[in-house]
Amino acid sequence: MSCEPDGRDLGMNRRILRRDFLNGVAIGVGATAVGLQVRAGAAQVPGSGSTAETFPPRRLGLRGEYELAVQPLVAIERGTYGSFPGIDVETNETYDLVIVGGGLSGLSAAYFWQKALGTDQRVLVLDNHDDFGGHAKRNEFAHNGRTFISYGGTMGISTPYPYSYMAKSLVAELGVDVRRNQEFLNRDLFQKFELAPATFFDKEHFGEDRLVVGTGRLPWPEFFAKAPLTETARRDLVRIYGKNPDYMAGMSIEEKTSALARTSYQDYLLRYAKMSSEALPYFLGQGGRNNKRVDTTPALEAAERGSVGFDGLGLTFEKQFSQGSYVFHFPDGNASIARLLVTRLVPGAIPGKHDMSTIVQAPVFYDRLDDAASSVRIRLDSSVVRVAHEGPATQPTGVRVAYLRGGRMHAVRGRNVVLACFNSIIPRLAPELPDTQKQALAYAVKVPMLYTNVLLRRWAPFKALGVASVSSPGMYYPNCSIDPGSTVGGYRGLTTPDEPAVVHMVRNPNKPGLPRKEQNRAGQQELLSMKFSDFELSVRRQLARTLAGTDFDPAADIVGIAANRWPHGYAYTYDTLGDPDVPPEARPHVIGRQRYGWITIANSDAGAGAFTNQAFDEAHRAVQELLVARGLA
Ligand SMILES: Cc1cc2nc3c(=O)[nH]c(=O)nc-3n(C[C@H](O)[C@H](O)[C@H](O)COP(=O)(O)OP(=O)(O)OC[C@H]3O[C@@H](n4cnc5c(N)ncnc54)[C@H](O)[C@@H]3O)c2cc1C
C-alpha cells in the first residue's frame, strides 16, 4: 500500500480502469477488474466489438504515445535504419499512394487523393499506433454500465488563423456544421452549480497549500488578499493586475516594440515592471501560444495577447484575427473528425452514412480497417522505418516502403508517397534527401504535452468547493478541469455532482531557464522516462491536495486513468526570442517540405502550426504537388 507521510492512503494499490497492452496482450494493474468493467459497459458501443481488446479507445493507462508505439520512433530517431533494412515479409502489395502517418493530415491526404483521382485509387495508410487519428485520440471509460468519452489530444476545431477554403470545405463535406457548436456545449452546468475557476497555491512555492476560488472573477486585490503571498509579492501582483504606468517611459513606440520582441515576458516583468521575484511563482504555468512559458514567451507576444502589465505602454495592436464562430468540439475532440474521414475512406469499418450528429456513437470495426477489398486500407501498429525510390535515380518508378509490424520488417511499394508523420523523423526515413532539406527538417523540436484523463466516481468534491477548473502554478499539472462533455450525437454530458465525471489534467513539461527548444527536448525526455505508475501517483497526490477539506478519497474516488503522453506534441512555431528573423520562404519548414521525387511531405509540422487546419492544408498541398508532378492537375 502506498501512503503519504501523513498516513493517508492514496490508493496506488487499487484496481482501476487502466489496461496497457504489450505485444497485444493486456498487462497492468486492474486487468481483472477492468475486464469486468469493460464487459459491464460493452453494450454501450452499439454493434461494434467494444472490449479493450478490439476497441483501442477503451485501452487506458499509458496512452497517447504509449511504450510500444513510441519505441520504434525513438530507434529511428537514433539512426538505427541508416541503410534500407532486410525484409522479413515481402507483401508484394503496390499502391497508387502510400501515406506514412494516420493522423488528421494523413487521413485527409487519402481523402484529397481519392477526391482528385477517384475512389478506385488504391491507398495505404500506415501508422505506428493501435488507433487512427494521431493526436486526435479518443479515450473511453466504461463504468457502471455507462460510457464516458473524453479527448486524449486534439480537443476541437478552433483557430487563431483562418481556416482555408479547402479546410473549411473538408469540414463541411464531413457533415460538420460548426455554427451549431453552441447547441451542444454543456457549459450551463457550471452556471447551474455556480462553479468558478480557482487557483491552488502549493506549499513548495507559496509556503502553504491553499485553494482560492474566483480567479479572474473576484477583484484582483480581493483575490490576492486571500492568497498565501508575501507582502511584497501581493503588492506587486495587485499593481501588475491593475492599471499600470508606462514601464518603458522615454522610449519611442518602435523602440518599445523592438525591445519587447527580444525580451521574455518574465524579464519584462522583472526588469521593466520591477516586479519582485517573490511574485514570479504566480506566473509559473502561464505563458503564450504553443505552450511557451513565462520565460520563453516574447513580451511582445504577451502584450499582443492582452497579458497583464502592458496597459500603460501606449501600444496598439492590429486587431488579432478572431474566428470565434469557427469552433467545434466533440466529446472525443477531433477524434470524431478522424472517424468521419474513415467513414469516407473505408466505409466497411464504420458502416452507414455519418455526420456530426451520428459519428460520436458510431460503431467502429477495427478489424476491417485493413480490408483487402477496400481501395483505401489503414494499417495500424505499423512503424515505417525507411522509404527509398526504386528504379533509375533520374527517373524513379516508385517508392519502396519498409515498416515494422509485430516485430517483423515488411515492405510495400507506392507509386507515390506522402510523409504525414513528424518532420524530425523524415531525415532518418529518407536519408537520400538533400542535406539542406534534412537540416531544415531537423530544425524544429515538437512541443511535449501530457493530457491525463481521470474518471472520478463522483465530482461532488468539486461542487463542494464551488470550482470547475483549477490553475496550480507550481504543481505537476498546472491545469485541471472537469470535462462537462458536449451533448452532440446522443452523448450525454454531465448533469449532477453525484455522477461520475472525467477530470482533464494538463502538463507541458519543460525546464525553465533553458532556451525553448532545449526545454522541449528536456520535456520529451521527462515524458519518455516515466512509467504509468509515476503519472498515476502524480494524479492521486495532486487531486488529494487540491480537493483537501472535502470528502474526496483518492483511493476510492479515482476509478480510471488514461495518461496521454505526447513527447511529439504540438508542431513547433517560431518566435522572436529563439528563432532568426528570416523571410517566410527561408523558414526551415518551407525548405524542409519540398517534394523529393515521388515523395511529398504533409503534417502540421510542415505548416509550422499546431492546428488541425494546418494538418489539412499541408495534406492538400502535398497531394497537389504529386498531382502536378504527375501531370494530373
Ligand atoms: C495534446 C494536444 C492537443 C491539441 N489540441 C488541438 C486542438 O484543440 N485544436 C487543434 O486544431 N489542434 C490541436 N492540436 C494540434 C494537432 O497536432 C493538430 O491539430 C493535428 O491533429 C495534427 O495532425 P497531424 O496529422 O499533422 O499529426 P499527428 O496527429 O501527430 O499524426 C501523425 C501520425 O504519424 C504517426 N507517425 C510518426 N512517425 C511514424 C512512422 N515512422 N511510421 C508510422 N507512423 C508514424 C504518428 O505517431 C501520428 O499518429 C493538439 C495537439 C496535441 C498534441
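The values are calculated or read from the model by the stated rules, or taken from the named source; none is laboratory data. Quantities reported herein were computed from a predicted structural model and do not represent experimental measurements. Positions of Cβ are generated from backbone atoms using ideal geometry, with glycine treated the same way; all protein chains shown enter the neighbour counts. Quick note on the areas: whole protein, heavy atoms, side chains included, nothing else; ligands and nucleic acids left out. Shrake-Rupley method; radii C 1.70, N 1.55, O 1.52, S 1.80 Å.
Yes/no matrix, rows are residues, columns are (1) within 16 Å of the ligand (Cβ to nearest atom); (2) closer than 24 Å to LYS438 by Cα; (3) in the same structural domain as LEU514 (by TED's automatic domain parsing):
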| site | (1), (2), (3) |
| --- | --- |
| VAL539 | no, no, yes |
| VAL559 | no, no, yes |
| ASP575 | no, yes, no |
| GLY592 | yes, yes, no |
| GLY597 | no, yes, no |
| ILE601 | yes, yes, no |
| SER604 | yes, yes, no |
| THR612 | yes, no, no |
| ASP617 | yes, yes, no |
Practice prompt. With respect to ILE99, determine if the residue is modelled with pLDDT of 95 or more, of a type in the set (Val, Ile, Thr), open to solvent by less than 10 Å² (accessible area, probe 1.4 Å) and closer than 27 Å to SER424 by Cα.
Written response: yes
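How many residues does the stretch 533-543 hold that are open to solvent by 10 Å² or more (accessible area, probe 1.4 Å) and in contact (Cβ under 8 Å) with a residue 40 or more places away in the chain?
Adding up the residues that qualify gives 4.
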Worksheet entry | Scan of the stretch 64-79 for residues that are within 12 Å of the ligand (Cβ to nearest atom) and either loosely packed, with under 13 Cβ neighbours inside 10 Å or assigned to a loop (DSSP other than H, G, I, E, B) (or both), ordered by number | GLU65, TYR66
Item to complete: Can you give me the number of residues within the stretch 333-389 that are open to solvent by less than 50 Å² (accessible area, probe 1.4 Å), in a helix (DSSP H, G or I) and more than 16 Å from the ligand (Cβ to nearest atom)?
Response: 3
Response to the item:
Picked from the stretch 182-229 (must be in a helix (DSSP H, G or I) and among the basic types (Lys, Arg)), the residue farthest from GLY549 (Cα to Cα) is LYS192
Worksheet item: Taking the stretch 121-132 only, how many residues are buried (at least 24 other Cβ atoms within 10 Å of the Cβ) and within 7 Å of the ligand (Cβ to nearest atom)?
Response: 3
Worksheet item: Hey, among ALA464, ALA440, which residue is hydrophobic (A, V, I, L, M, F, W, C) and open to solvent by less than 50 Å² (accessible area, probe 1.4 Å)?
Response: ALA440
Worksheet entry | Flag if TYR241 is more than 34 Å from the chain's Cα centre (by Cα) and of a type outside the set (A, V, I, L, M) | no
Worksheet item: Pick from the stretch 217-238 the residues that are of a type in the set (D, E, K, R) and closer than 16 Å to GLY207 by Cβ: which of them is farthest from the chain's Cα centre (by Cα)?
Response: GLU231
Worksheet item: What residue, of ALA555, ALA619, ALA563, ALA602, is under 30 Å from ASP9 (Cα atoms), within 22 Å of the chain's Cα centre (by Cα) and open to solvent by less than 20 Å² (accessible area, probe 1.4 Å)?
Response: ALA563
Worksheet item: If you take the residues of the stretch 280-300 that are in a helix (DSSP H, G or I) and within 20 Å of GLU518 (Cα to Cα), which of them is modelled with the highest pLDDT?
Response: ALA299
Worksheet, complete the sentence: Note on GLN624: of the conditions (1) at pLDDT 95 or above; (2) within 12 Å of the ligand (Cβ to nearest atom); (3) in contact with a Ser or Thr (Cβ under 9 Å, 6 or more places away or on another chain), unmet is (2)
Discussion item. Can you go through TYR443, TYR477, TYR403 and tell me which one is closer than 30 Å to ASP579 by Cα, of a type in the set (Phe, Trp, Tyr) and within 14 Å of the ligand (Cβ to nearest atom)?
Written reply: TYR477
Response to the item:
Restricted to the stretch 517-532 and to residues being of a type in the set (Gly, Ala, Ser) and away from the ligand (no atom under 16 Å from the Cβ), the residue surrounded by the fewest Cβ atoms within 10 Å (Cβ to Cβ) is SER529
Discussion item. Can you tell me which of (1) over 21 Å from the mean Cα position of the chain (by Cα); (2) surrounded by 18 or more Cβ atoms within 10 Å (Cβ to Cβ); (3) within 16 Å of the ligand (Cβ to nearest atom) is the one PRO431 doesn't meet?
Written reply: (2)
Worksheet item: Just checking, how many residues over the stretch 270-299 are open to solvent by 30 Å² or more (accessible area, probe 1.4 Å), closer than 18 Å to LEU313 by Cβ and touching a residue at least 24 places away in the same chain (Cβ under 8 Å)?
Response: 2
Fill in: Lone unmet requirement of (1) under 30 Å from ARG179 (Cβ atoms); (2) in the same structural domain as GLN624 (by TED's automatic domain parsing); (3) among the hydrophobic types (A, V, I, L, M, F, W, C) for ILE359
(2)
Worksheet, complete the sentence: THR199 vs (1) among the polar types (S, T, N, Q); (2) open to solvent by 20 Å² or more (accessible area, probe 1.4 Å); (3) under 30 Å from TYR282 (Cα atoms): all pass except (2)
Practice prompt. Might you check whether a residue that is assigned to a helix (DSSP H, G or I) and out of contact with any helix residue (DSSP H, G or I) (no Cβ under 8 Å at 6 or more places or on another chain) occurs anywhere in the stretch 419-438?
Written response: yes
Discussion item. Here is a check on your reading of the model: is ALA501 of a type in the set (A, V, I, L, M, F, W, C), modelled with pLDDT of 95 or more, outside the structural domain of ASN423 (by TED's automatic domain parsing) and under 30 Å from ALA602 (Cβ atoms)?
Written reply: no
Item to complete: Specify the residue that is nearest to ALA610 (Cα to Cα); the eligible residues are those in the stretch 450-461 that are open to solvent by less than 10 Å² (accessible area, probe 1.4 Å) and in contact with a Pro (Cβ under 9 Å, 6 or more places away or on another chain).
Response: LEU450
